[in-house]
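Remarks on the structure that follows.
Here, each number is a calculation from the coordinates, and none is a lab measurement. Model, not experiment: these values are computed from the prediction. Because the Cβ atoms are built from the backbone with ideal geometry, glycine has one as well, and the counts that use them run over all protein chains shown.
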Amino acid sequence: MEFQLGTMLFQLIVFLILFLILRKVAFGPLMKMMNDRQQYIENQIATAEQHRQEAEKLAKQHQEAIQQAKKEASEMMENARRTGEKQAADILAAAEAEAKRIKDEAVADINREKELAIAQLQEQVAELSVLLAGKIIGKEVDAAKHKSLFDEAVKEMEERVC
């Protein structure tokens, strides 16, 4: 095989012309289409990353909101428990104070009634003693007469008391 310079130059020129034509007609639009496609994919990836970050941010905000709600609910329950305990203690203290007041009033009433009854009994005993003494002094009595006078005095006392 012989080397032919003319043929080789001709083929080289044809190749360069064909390359320039293909570059202008086929490679340019093909490269543009590939660059556009690459740009589209990069934009989609960037958008997806942005959406992922927003989703993570929202998930974090929701988690914080849930934690805050749990904390507030716990605080509300604790406050309600403390309020309930305080109200129960207040009610118990009020009931104890009322019971003590009623008891003290009852004891005071009983003591007043007791003192009044004692005073009335002393008064009646004094009256009956005077009456009995007057009857005894007014008459000379023997044992039988003394018993009948005593029974009569007791009967008068019962009538006065009742």
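So what's the back-of-envelope 222 nm ellipticity for the chain, counting only DSSP H runs of four-plus at -39500 (n - 2.57) apiece and dividing by all residues, rounded to 500? Numbers along the way, then the final one.
Details: 3 runs with 148 residues, N = 162.
The helix contribution divided over the chain gives -34000 deg cm²/dmol.
Relative to the longest principal axis of the C-alpha atoms of the chain, give the angle of the C-alpha long axis of helix 28-138, reported between 0 and 90° and rounded to the nearest 10°.
That works out to roughly 0 degrees.
So if each residue of separation counts as 0.36 nm, and I subtract the Cα-Cα distance between residue 26 and residue 155, what length gain in nm does that give?
Length difference between fully extended and current span is 31.6 nm.
Nearest 10 degrees, 0 to 90: what angle lies between the long axis of helix 5-22 and the longest principal axis of the chain (Cα atoms)?
With both axes taken from Cα atoms, the answer is about 30 degrees.
Principal axes first, then extents: for the Cα atoms of the chain, list largest minus smallest coordinate on each axis, whole Å, largest first.
Rounded to whole Å, the extents work out to 193, 26, 17 Å.
Between 0 and 90 degrees, rounded to the nearest ten: what's the tilt of helix 143-161 against the longest Cα principal axis of the chain?
40
Please identify the longest segment of the chain free of exposed GluC sites (Glu not before Pro), where exposed means a DSSP state other than H, G, I, E or B and no more than 16 other Cβ atoms within 10 Å.
The longest such stretch corresponds to 3-139.
Loop-only check: which chymotrypsin sites (Phe, Trp or Tyr not before Pro) in the range 1-80 are DSSP coil with at most 13 other Cβ within 10 angstrom? If you can, show how the numbers build up before the last one.
Working: sites: 3, 10, 15, 19, 27, 40; in loops: 3.
Here the sparse-neighbourhood loop sites are 3.
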